[in-house]
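Structure, as structure tokens:
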Amino acid sequence: MRVLLVLLCLVLAAPVAGVLLSWVRLDAQALAVLGHQAQTVMAGYVGQSLLLAVGVAVGTAVLGVGTAVAVALFRFPGRRFFEWGLLLPMAMPAYVLAYAATDALQPSGPLQQALRQTLDAWRGAGPSAGAGGPLVPYVLPDVRSLGGAIPLFVLCLYPYVYLLTRTALGDRAVQMMEAARLLGAGLTRRLLTVALPLARPAVVAGVALALMETLADYGVGAFFGLATFTTGIYRAWLSMNDPVAALQLASLLLAVVALLLALERRAQARLRFASSRAGAAQAAEARPVVLRGAAGWAMWGFCVLPVLLGFGLPVAWLLGMLWREAQYAEMGLPLERFVQWSWATFRLAGISALAATAVALALGFALRRPHAARPGADAALGWAARLLSLGYAVPGAVVAIGILVPLGWVQQRWPESALTPWFTGTVLGVLYAYLVRFSSVALQSVEAGYARVPASVDETARMLGAGRARVFWRLHLPLLRRPALAAMLLVFVDVMKELPATLVLRPFGSDTLAVVAYNLARDERLAEAALPSLAIVGVGLLPVLLLSRAMRQT
């Protein structure tokens, strides 16, 4: 059983390994392609990706830390709502927010038209060009740019920093701030010298997670015409038909993501160590700083702004787009096709969630086995599970290239091989990519559940003569019901939002909601893209609501 699990982990890690091993065969052609990219497009990819990463890092750190400090250390109007309301933008994929923002802020949109008319009237000009001068063509900056992409990513990804920072501050910061106040330290000094240094590992971990999501994105980059690593990978593969160039870009992106993952793991380790000493009794005795009057309402405005811009207003605008489409479209809403898209999406997401959770349960049960029996097999399984856990950090573009390029090599060497047709343009290939990316999500949830199951349960069962299979089915599985359901839900939602790998590997005629929304938005049919976009956001709310409920119970 353990050998099969090790082989399964290696199979699921094969696409990532294939990208890394591409540097082994650096022949003259590969070196020529690398040199050509260095002279032409590499500087643009590195520059825009770096500027995007720096902007997102600064923005998520400022907004995430600011909101976490407000909720954890202060008491003001609406604080109980913001404890979970600040998580709502997590349900909004960045590419969906980009569609709503583009429709709202485009030069021909109602917002810019109203601003132009107001500005023109203020200048004394009439409603037309002949009444005193031309109307101002642009009032707001172009949202479809690097400067527009950065705030969109910040609004979608700051909850990573907020969640981790708030957890870190809630453990010890309130009572330490109270102790510093009794020693005569002012509020500013208490924040800068006590609270923020305590939360530094959480901030680093949250920013690293946000940057991994940013670098893995394809929808915003392609829709806005940005020259990032992910869009470059697709351009090299789909437009230029150059798998060597795609592999080289994918490997460079994978190296950057690996560095961010290492920083995140190190910060998480420091965070767990720092928070392990927190005392629940001390936290209960300490009280947040009460803000009254203008200060309290100013804090309310600071917290409500990201919720409105990152979730409330985009959802309202998408609903308005959907209403306009239903009112003015000649054929009405494509409800029949929407049902087909939803069925294709739910089918892929459901199968992937069940398969990933089954793999996670099997691995979690095998890793729980005592290490004294077969230390070599246990070590091999542990390394294989660690390798599998890297999948979630790997961008979907890298996974797709890691699947297709090795299959292309196999097809070249063995033209009669029956392996390639199974994974190219088939449901099996898409499911394989989903398992590569999201099995680690299910494994983390199952391992967290196993951490709460005492080892004495297994020992008692063995003393009563129960076999391993009976222990799992009769004891472990009922105890792991909630973690397993959470794992299935998380994988289901992640699959629904996944765009890059689905865009490349999907079979003909089985588009998912994410692919349909992207294709409609790419064709400037933003009103039609509202319906699948709202469906993605609606399903994405489920894990956010569960997470907020869990936070309120702690």
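The values are calculated or read from the model by the stated rules, or taken from the named source; none is laboratory data. The shown structure was predicted, so the numbers you read here are calculated from the model rather than taken from an experiment. Virtual Cβ from ideal backbone geometry, glycine too; neighbours counted across all protein chains shown.
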Is it true that A30 is part of a helix (DSSP H, G or I), out of contact with any Ser or Thr (no Cβ under 6 Å at 6 or more places or on another chain), at pLDDT below 85 and closer than 22 Å to E213 by Cβ?
-> no
Any residue in region 148-162 that is modelled with pLDDT under 90 and either closer than 24 Å to G396 by Cα or over 13 Å from the mean Cα position of the chain (by Cα) (or both)?
-> no
Right, V436: closer than 25 Å to R549 by Cβ and surrounded by 13 or more Cβ atoms within 10 Å (Cβ to Cβ) or not?
-> no
For region 36-45, the count of residues that are closer than 12 Å to T231 by Cα and surrounded by fewer than 16 Cβ atoms within 10 Å (Cβ to Cβ) equals 1
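Residue-by-condition table, conditions (1) in a loop (DSSP other than H, G, I, E, B); (2) buried (at least 16 other Cβ atoms within 10 Å of the Cβ); (3) more than 22 Å from the chain's Cα centre (by Cα):
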residue	(1), (2), (3)
S445	no, yes, no
V453	yes, yes, yes
V457	no, no, yes
P483	no, yes, no
How many residues does region 183-217 contain that are crowded, with 23+ Cβ neighbours inside 10 Å and in a loop (DSSP other than H, G, I, E, B)?
-> 2
Do you know which residues across region 47-78 are β-branched (V, I, T) and either surrounded by fewer than 17 Cβ atoms within 10 Å (Cβ to Cβ) or touching a strand residue (DSSP E or B) at 6+ places or on another chain (Cβ under 7 Å) (or both)?
-> V54, V58, V62
Region 1-27, subset at pLDDT 80 or above and of a type outside the set (A, V, I, L, M), residue farthest from R437 (Cα to Cα) = C9
Residue by residue through region 77-120, note down the ones that are of a type in the set (D, E) and either within 26 Å of the chain's Cα centre (by Cα) or outside any helix (DSSP H, G or I) (or both).
-> E83, D103
Can A535 be described as buried (at least 24 other Cβ atoms within 10 Å of the Cβ) and touching a residue at least 24 places away in the same chain (Cβ under 8 Å)?
-> no
What tally of residues in region 514-525 results from selecting those that are in contact with a helix residue (DSSP H, G or I) (Cβ under 8 Å, 6 or more places away or on another chain), surrounded by fewer than 24 Cβ atoms within 10 Å (Cβ to Cβ) and either among the aliphatic types (A, V, I, L, M) or within 16 Å of L319 (Cα to Cα) (or both)?
-> 2
Lone qualifier among L534, L490, L503 - being in a helix (DSSP H, G or I), hydrophobic (A, V, I, L, M, F, W, C) and over 18 Å from F438 (Cα atoms) | L534
The residue from L485, L479 that alone is without any contact (Cβ under 8 Å) to a residue 40 or more places away in the chain, closer than 30 Å to T426 by Cβ and not hydroxyl-bearing (S, T, Y) is L485
So, of the residues in region 225-246 that are over 30 Å from D142 (Cα atoms) and at pLDDT below 80, which turns out to be surrounded by the fewest Cβ atoms within 10 Å (Cβ to Cβ)?
-> N241
Within region 122-129, can one find any residue that is at pLDDT below 75, crowded, with 18+ Cβ neighbours inside 10 Å and of a type in the set (G, A, S)?
-> yes
For region 40-65, pairs from a residue that is in contact (Cβ under 8 Å) with a residue 12 or more places away in the chain to a residue that is aromatic (F, W, Y) and surrounded by 18 or more Cβ atoms within 10 Å (Cβ to Cβ), with Cβ under 6 Å and 6 or more apart or across chains, are Y45/F229; S49/F229; V56/F153; T60/Y158; L63/Y158; G64/Y158; G64/Y162
Collect the residues in region 295-328 that are in contact (Cβ under 8 Å) with a residue 12 or more places away in the chain and over 20 Å from C156 (Cβ atoms), keeping them in residue-number order.
-> A295, G296, W297, M299, W300, L322, R324, E325
Return a yes/no flag: does region 168-180 have any residue that is in a helix (DSSP H, G or I), in contact (Cβ under 8 Å) with a residue 24 or more places away in the chain, within 27 Å of F438 (Cβ to Cβ) and not aromatic (F, W, Y).
-> yes
Residues in region 505-524 that are touching an Asp or Glu at 6+ places or on another chain (Cβ under 9 Å) and not aliphatic (A, V, I, L, M): how many?
-> 2
